[in-house]
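One structure is given below, encoded as structure tokens.
What follows draws every value from the coordinates through simple rules; no lab data is involved. Only a predicted model underlies this, so the values are computations on that prediction, with no experimental measurement involved. Please note: Cβ atoms are built from the backbone with ideal geometry, for glycine as well, and neighbour counts cover all protein chains shown.
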Amino acid sequence: MRLLFSIALLTNILLSPTFAADIFQKYEKVIWIDQLKQMGTAYEGGRKFLEFQVLTGDDETTTEPGTNVVRVKEKRYYSRRYQTPMPYSIFFDYNGKKAIHEGEVPPPREKIGLATHGCVHVKQPFIKWLYDWAEAGKTVVIISGWRTQD
């Protein structure tokens with residue numbers, strides 16, 4: 001029960017209008033990942049520029065909600081841990097190796113049962129646009145909600 005209360009409290013804090021207004025005042029560029037809807041939105045100057053589908057982790061391999069500044073971008077990153085390329089990686093958690101990167105994003109009906117290992121998959125041409133647009137140290141990534149079901 002305490003865990004559910006903590007999650008509800010955190011979600012309300014992260015989604016409060018005051019929080020959003022502060023983020024848009026502090027950062028020119030914002031990438032907002034809504035895990036419940038499995039959608040991402042890029043904002044510049046508080047205005048929506050791009051909306052795109054995503055695939056995130058699930059309750060077993062979570063994509064943790066939170067607010068992180070883009071630390072590093074690597075166009076041709078290769079994950080030794082998972083033995084797979086992760087093109088156009090925009091790292092929001094460099095120590096944890098969590099990034100927004102190119103990857104499969106199946107249609108909603110096919111997405112059930114699929115998840116990432118905590119990263120955020122975005123398909124072409126959206127990931128290239130995000131990669132070119134995002135700036136290390138100046139763009140913030142907000143992961144909101146928990147992916148509990150599709």
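Just a few scattered comments:
- Highest-fluctuation residue, Glu60, Glu28, Glu44 considered, GNM on the chain with Cα pairs under 10 Å: Glu60
- Using the Cβ-Cβ distance between Glu104 and Lys26 with R0 = 25 Å, the FRET efficiency computed as 1/(1 + (r/R0)^6) comes to roughly 0.15.
- When restricted to Cα atoms, the stretch 64-150 yields an Rg and a Dmax of 12.7, 36 Å, respectively.
- Compactness check for the chain: Cα Rg over 2.2 N^0.38 Å is 1.00.
- Ranking of Val54, Val105, Val69 by count of other Cβ atoms within 10 Å, fewest first: Val69, Val105, Val54
- Difference of contour (0.36 nm per residue) and Cα-Cα distance, Gln83 to Glu51: 8.6 nm
- Comparing Gln35, Gln53, Gln83 in a Gaussian network model of the chain (Cα springs below 10 Å), the most mobile by mean-square fluctuation is Gln83.
- Packing-based exposure ordering (other Cβ within 10 Å, fewest first) of Phe126, Phe92: Phe126, Phe92
- Estimated 222 nm signal from helices in the chain, with DSSP H stretches of n ≥ 4 weighted -39500 (n - 2.57), rounded to 500: -6500 deg cm²/dmol
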